[in-house]
Each structure stands twice: as structure tokens, then as C-alpha cells.
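So the structure is just underneath, and the comments pick up after that.
The values are calculated or read from the model by the stated rules, or taken from the named source; none is laboratory data. These numbers were taken from a predicted model, which means no experiment stands behind them. So basically every Cβ, Gly included, is an ideal-geometry build from the backbone, and we count neighbours across all protein chains shown. Side chains included, ligands, DNA and RNA excluded: accessible areas come from the protein's heavy atoms. Shrake-Rupley method; radii C 1.70, N 1.55, O 1.52, S 1.80 Å.
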Amino acid sequence: MFDSLSDRLTGALKDLRGKGRLSDADIDRTCREIRLALLEADVSLPVVRAFISRIKERAKGQEVSAALNPAQTVVKIVNEELIGILGGETRRIQFAKNPPTIIMLAGLQGAGKTTLAGKLGHWLKKQGHTPLLVACDLQRPGAVQQLQIVGERAEVPVFAPHPGTGVGGEGELGVTAGDPVSVAKAGVEEAKAKLYDVVIIDTAGRLGIDAELMKQASDIRDATQPDEVLFVVDAMIGQDAVTTAEAFAEGVDFTGVVLTKLDGDARGGAALSVREVTGRPIMFASSGEKLDDFDVFHPDRMASRILG
Ligand code: GDP
């Protein structure tokens with residue numbers, strides 16, 4: 001997804017090589033090229049502005065380093081600032097002191113929440129956890145069954161309402177099939193009773209942001225008090241990734257971001273702006289439809305990948 005950005009940035013920085021001294025004009029020219037590369041990759045304008053101004057300031061005031069020549073110093077500054085935009089440190093799941101740890105997924109329809117629930121469950125299981133998936137997307141036809149299929153593939157159990165019966169899970173909990181908040185609460189109770197140590201709650205999304213979607217997600221959040229609320233966003237949707245992230249940060253609040261579809265061929269820079277715009281860390285990245293196309297998001301590795 002970031003090949004073209006990567007080519008442009010390495011190209012811009014390559015021009016500085018071999019120069020014994022960098023004039024302010026050299027730095028301005030390089031910054032102009034970096035700016036264009038970022039804008040072309042669809043990184044948000046305010047993020048680009050702040051990024052470029054930090055690079056200029058640091059590059060122009062750069063200390064003479066015995067170990068690095070001026071060009072290498074600029075590359076180092078760009079790398080550090082890119083890592084900064086992407087969140088700095090890797091942010092890992094904060095597990096609850098008293099299990100179960102509750103992780104709620106939120107985002108638009110089609111963002112990849114259900115797929116992610118399976119991937120996250122599979123990943124947690126490989127680390128020795130005992131996750132339970134809870135099907136609270138009762139809006140989209142087939143979403144519950146989809147989660148059940150995903151759970152089967154990941155070999156992670158799924159707690160779901162039985163359609164039409166008004167009864168949830170294994171038939172004991174008296175859950176109303178149409179009420180996602182009750183299903184979420186019953187799912188957490190199920191995890192406590194059966195000693196699952198992580199609960200992953202899949203919630204409903206819509207094609208666009210709307211008040212009802214936000215209310216339902218924040219009702220589930222209030223009822224279950226999750227340790228993590230992950231905002232799942234499709235990196236292919238361009239600047240909508242940023243506007244959606246802002247709307248969810250305000251409407252539901254979240255503790256971390258999951259970028260999906262990083263295997264796509266869209267420009268993807270907008271998704272990279274989400275951390276800077278919302279202040280919430282990008283925690284995971286999904287890059288395909290297979291269970292293992294998923295990893296913890298490491299800002300430093302992503303920056304190295306982008307800088308080639
Ligand atoms: P939800 O509506 O948010 O639950 O989204 P789904 O999990 O149903 O995903 C929507 C579509 O995107 C499905 O066809 C998934 O197979 C696909 N999908 C999800 N994650 C990825 C990914 O990382 N890469 C690709 N290429 N497709 C994905």
C-alpha cells in the first residue's frame with residue numbers, strides 16, 4: 001500500500017546524498033518534495049504541515065554529528081518524526097488484572113470487524129489465552145452466522161443469540177435476540193462463568209456515521225466497561241478514515257485503532273494520519289483475509305518500511 005510513498009520519500013532524500021553541507025535552500029527543497037509525497041499518499045493536510053515544520057526546524061538547526069553526514073542526519077530526523085506520527089512506542093493490549101479482559105470492536109460496516117474478531121481471537125489463542133467472541137452485530141443480516149464461521153475457522157468459541165428464540169448463548173441466559181446490549185452483558189457473564197480470559201465483542205456498523213450507531217456502541221461500552229475499545233478502520237477509504245475516526249473518538253471513544261486492508265492498492269496515507277488526528281494509538285494492522293494476515297502495529301517498523 002505504501003510503495004509509491006516509499007519511492008517518493010527515498011527519492012527526495014537521495015538527492016541530499018554526497019552533500020558536505022546542507023543549505024537552508026537544500027532543506028526547503030527536500031521538504032517540499034516530502035510534502036508532495038505525503039499529500040499524494042493522502043496523508044491529512046494538518047498532519048503533513050506539522051510534520052514538515054518539525055523536520056524543517058530540526059534539520060535547519062541540526063547539530064554537527066561525528067557519526068552521520070548531513071544527509072544521513074536528515075534521514076534520521078524524517079525517520080524519527082515518521083515514527084512519532086505513527087505513535088512512537090508499540091502499544092500493546094492492556095489486559096485486565098481480573099479476567100476477563102473485555103475488548104470491544106467498533107467501526108463502520110465493512111471495515112473488517114468480524115474478520116478481525118477471528119484474527120484477534122486466533123492471535124490471542126496462540127499466546128495461551130482463552131478468548132470468547134460475542135456476536136452483538138444484530139443489524140446486518142448474516143453477521144451473527146458470519147462470526148460463527150469466523151470463530152469456527154479460528155477455533156474460538158462464539159457466544160451468540162439464537163434467532164427467534166429470545167435466548168442467547170447456550171440457551172440458559174434469557175437474552176433477547178434483538179438487543180445487543182443484553183447479548184454483550186450475557187457474553188461477559190458467560191466468559192466469567194466458563195473462565196474465558198478475553199471477551200471480544202463484535203458490534204454493528206453502518207455504511208455511514210449516524211447517531212443511532214454511536215448510541216448503540218456507547219451503550220454496549222457503558223454496559224460492559226471494556227478494557228479496550230478498538231476502532232476498526234478500512235485503510236482504503238481515504239480521508240473518510242480520518243473523519244470516521246474523529247466521529248467515533250467523539251461518539252464512542254476508543255483506546256486504540258486497527259487498520260485493515262493494508263494489502264489494498266489505495267494510497268492509505270489517510271489511515272496513517274489517524275493517530276496524529278485522534279491521539280489514539282494504532283495497535284494492530286490487518287493485511288488480508290487469512291487469519292494470519294494480522295499483526296501488532298509497530299510504528300518503527302512501519303516507518304522503516306515506508307522509508308525503504
Ligand atoms: P464488518 O462489517 O466490519 O464486520 O466487516 P467484515 O469483517 O465483514 O469485512 C468486510 C470485508 O472485508 C469482507 O469481505 C472481509 O473478507 C474483507 N476484509 C477484512 N479485513 C481485510 C483485510 O485486511 N484485507 C482484505 N483484503 N480484506 C479484508
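What pairs can you find where one residue is in the range 225-244 and touching a residue at least 40 places away in the same chain (Cβ under 8 Å), the other is within 16 Å of the ligand (Cβ to nearest atom) and of a type in the set (D, E, K, R), and their Cβ atoms are less than 6 Å apart, with a gap of 6+ or different chains?
Listed pairs, sorted by first residue: 232/113; 234/261; 235/261.
Tally the residues that are assigned to a helix (DSSP H, G or I) and on the phi > 0 side of the Ramachandran plot, restricting the search to the range 7-62.
The total comes to 0.
Looking at 199, 233 in this structure, which one is within 12 Å of the ligand (Cβ to nearest atom), open to solvent by less than 10 Å² (accessible area, probe 1.4 Å) and in contact with a strand residue (DSSP E or B) (Cβ under 9 Å, 6 or more places away or on another chain)?
The match here is 233.
When you check residue 129 against the structure, is it open to solvent by 10 Å² or more (accessible area, probe 1.4 Å), under 30 Å from residue 161 (Cβ atoms) and touching a strand residue (DSSP E or B) at 6+ places or on another chain (Cβ under 6 Å), yes or no?
yes
Taking the range 279-293 as the search range and keeping residues that are more than 12 Å from residue 235 (Cβ to Cβ) and open to solvent by 20 Å² or more (accessible area, probe 1.4 Å), which one is farthest from the ligand (Cβ to nearest atom)?
279
For the range 243-253, which positions are open to solvent by less than 10 Å² (accessible area, probe 1.4 Å) and more than 13 Å from the ligand (Cβ to nearest atom)?
Scanning the range 243-253 gives 245, 252.
Give me the pairs: first residue in the range 135-148 and closer than 17 Å to residue 185 by Cβ, second residue assigned to a loop (DSSP other than H, G, I, E, B) and within 11 Å of the ligand (Cβ to nearest atom), beta-carbon distance under 9 Å, and six or more apart or on different chains, which are they?
Matching pairs, first to second residue: 136/204; 137/109; 137/204; 137/205; 138/204; 144/137.
Write out, first by first residue and then by second, each pair whose Cβ atoms fall under 8 Å of each other, whose residues are 6+ apart or on separate chains, and whose first residue, in the range 103-125, is under 12 Å from residue 147 (Cβ atoms) and within 6 Å of the ligand (Cβ to nearest atom) while the second is in a helix (DSSP H, G or I) and aliphatic (A, V, I, L, M).
Going by the 8 Å Cβ cut-off, the qualifying pairs are 114/143; 114/147; 114/150; 115/150.
Taking the range 202-220 as the search range and keeping residues that are within 19 Å of residue 186 (Cβ to Cβ) and within 12 Å of the ligand (Cβ to nearest atom), which one is surrounded by the fewest Cβ atoms within 10 Å (Cβ to Cβ)?
So, considering only residues that are within 19 Å of residue 186 (Cβ to Cβ) and within 12 Å of the ligand (Cβ to nearest atom), the one surrounded by the fewest Cβ atoms within 10 Å (Cβ to Cβ) is 204.
Of 154, 135, 111, which residue is at pLDDT 95 or above, in contact with a His (Cβ under 9 Å, 6 or more places away or on another chain) and aliphatic (A, V, I, L, M)?
After ruling out the rest, the residue left standing is 154.
Can you confirm whether residue 82 is away from the ligand (no atom under 16 Å from the Cβ), within 30 Å of residue 9 (Cβ to Cβ) and within 17 Å of the chain's Cα centre (by Cα)?
yes
Based on what the data block shows, is residue 187 part of a helix (DSSP H, G or I), more than 23 Å from the chain's Cα centre (by Cα) and either of a type in the set (A, V, I, L, M, F, W, C) or at pLDDT 95 or above (or both)?
So residue 187 fits the description; yes.
Looking at the range 97-108 only, could you name the residues that are buried (at least 16 other Cβ atoms within 10 Å of the Cβ) and part of a loop (DSSP other than H, G, I, E, B)?
Those that are buried (at least 16 other Cβ atoms within 10 Å of the Cβ) and part of a loop (DSSP other than H, G, I, E, B): 99, 100, 107, 108.
Only one of 249, 217 is touching a residue at least 40 places away in the same chain (Cβ under 8 Å) and assigned to a helix (DSSP H, G or I); which?
217
Does residue 275 meet the test of being open to solvent by 10 Å² or more (accessible area, probe 1.4 Å), basic (Lys, Arg), in contact (Cβ under 8 Å) with a residue 40 or more places away in the chain and assigned to a loop (DSSP other than H, G, I, E, B)?
no
State which residue is least open to solvent (accessible area, probe 1.4 Å) when the search covers only the range 40-90 and only residues that are within 17 Å of residue 239 (Cβ to Cβ) and without any contact (Cβ under 8 Å) to a residue 12 or more places away in the chain.
45
Output the residue which, of all residues in the range 221-230 that are of a type outside the set (Val, Ile, Thr) and in a helix (DSSP H, G or I), is most open to solvent (accessible area, probe 1.4 Å).
So, considering only residues that are of a type outside the set (Val, Ile, Thr) and in a helix (DSSP H, G or I), the one most open to solvent (accessible area, probe 1.4 Å) is 222.
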